[in-house]
1. I'd like the full set of residues that are in a loop (DSSP other than H, G, I, E, B) and either modelled with pLDDT under 95 or farther than 22 Å from residue 172 by Cα (or both), limited to segment 107-118.
2. List pairs: first residue in segment 44-70 and touching a residue at least 12 places away in the same chain (Cβ under 8 Å), second residue crowded, with 19+ Cβ neighbours inside 10 Å and outside any helix (DSSP H, G or I) anywhere in the structure, Cβ distance under 7 angstrom, at least six positions apart or on different chains.
3. Can you tell me which of 104, 93, 75, 85 is crowded, with 21+ Cβ neighbours inside 10 Å, not in a strand (DSSP E or B) and not aromatic (Phe, Trp, Tyr)?
4. When you scan segment 1-59 for helices (runs of 4 or more DSSP H) that lie fully inside it, which ones turn up with 1 or more residues that are in contact with a strand residue (DSSP E or B) (Cβ under 9 Å, 6 or more places away or on another chain) and either surrounded by fewer than 21 Cβ atoms within 10 Å (Cβ to Cβ) or among the β-branched types (Val, Ile, Thr) (or both)?
5. Tell me, yes or no, whether segment 124-140 has at least one residue that is loosely packed, with under 15 Cβ neighbours inside 10 Å, acidic (Asp, Glu) and either in contact with a strand residue (DSSP E or B) (Cβ under 6 Å, 6 or more places away or on another chain) or in contact (Cβ under 8 Å) with a residue 12 or more places away in the chain (or both).
6. Give all pairs with beta carbons closer than 6 Å in which a residue from segment 1-25 that is more than 14 Å from residue 157 (Cβ to Cβ) meets a residue that is exposed (fewer than 15 other Cβ atoms within 10 Å of the Cβ) and among the acidic types (Asp, Glu); count only pairs at least 6 apart in sequence or on separate chains.
7. Within segment 65-90, take every residue that is aliphatic (A, V, I, L, M) and over 12 Å from the mean Cα position of the chain (by Cα) and give me the one that is modelled with the lowest pLDDT.
8. Is there any pair linking a residue in segment 150-175 that is under 19 Å from residue 29 (Cα atoms) to one that is among the basic types (Lys, Arg), with Cβ under 6 Å and at least six apart or on different chains, and which?
Amino acid sequence: MEKLKRILIIGGPGSGKTSVINSIEDGGYNVHHEISREVTAKAQEQGIEQLFLTDPFAFSNQLLAGRIAQFKNAIEGIHFYDRGIPDVPAYHIFTGDHIPDDYIEASNMYRYDQVFFLPPWEEIYKSDSERYESYEQAVVLGDILKNFYTKMGYTPITVPRIDIENRFQFIKDHL
């Protein structure tokens with residue numbers, strides 16, 4: 001049985017996380033995709049345009065439950081995650097909302113082995129129906145995420161702004 005290793009990819013919106021995760025998946029690795037778009041899309045089907053803005057705690061509770069499930073579903077081998085459990089309280093720092101104790105408890109209980117940070121990258125940033133943040137807000141969120149993970153005892157490794165193939169190689173080289 002291959003030892004379980006959880007690798008987390010973090011960064012603000014539009015930093016290229018999904019493209020990198022897709023490349024990692026194409027490389028044959030186990031990946032756990034971001035679930036916020038799924039939660040947002042379900043809310044939009046119910047007529048709620050931006051659940052995170054309308055009811056941030058309902059949104060965050062769904063994200064937290066989904067990310068814990070992703071974490072628990074990994075049994076062996078290397079697993080990559082597009083965003084992690086500590087992203088949930090970090091986003092509440094951005095909005096200025098209260099952070100429930102169970103968000104911090106879950107962040108402490110479910111620990112990742114390694115964290116890679118993708119910095120904001122204006123040239124690739126795109127907004128769409130599920131991404132409400134401006135590029136400037138994405139920069140602030142990126143800083144909050146990196147700082148929050150650092151405060152949680154992680155040492156995020158910053159991935160350079162290079163093409164996807166080389167970003168993937170950089171990550172593999174640092175495992």
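1. If the condition is that a residue be in a loop (DSSP other than H, G, I, E, B) and either modelled with pLDDT under 95 or farther than 22 Å from residue 172 by Cα (or both), then 110 is the only one that fits.
2. 64/85; 67/84; 67/85; 68/85; 70/32; 70/81
3. Details: 104 fails: crowded, with 21+ Cβ neighbours inside 10 Å; 93 fails: crowded, with 21+ Cβ neighbours inside 10 Å; 75 fails: crowded, with 21+ Cβ neighbours inside 10 Å.
It is 85.
4. Numbers: elements: 17-26, 36-45, 51-54.
Where helices (runs of 4 or more DSSP H) fall fully within segment 1-59 and carry at least 1 residues being in contact with a strand residue (DSSP E or B) (Cβ under 9 Å, 6 or more places away or on another chain) and either surrounded by fewer than 21 Cβ atoms within 10 Å (Cβ to Cβ) or among the β-branched types (Val, Ile, Thr) (or both), they are 17-26, 36-45.
5. No.
6. Every condition considered, the pairs that remain are 1/76; 2/76; 4/76; 5/113; 6/113.
7. Checked segment 65-90; the qualifying residue modelled with the lowest pLDDT is 75.
8. Pairs that qualify, where the first residue is under 19 Å from residue 29 (Cα atoms) and the partner is among the basic types (Lys, Arg), are 159/167.
The values are calculated or read from the model by the stated rules, or taken from the named source; none is laboratory data. What you see is a predicted model; the values in this text were computed from it and never measured. Reconstructed Cβ throughout: ideal geometry from the backbone, glycine too, with neighbour counts over all protein chains shown.
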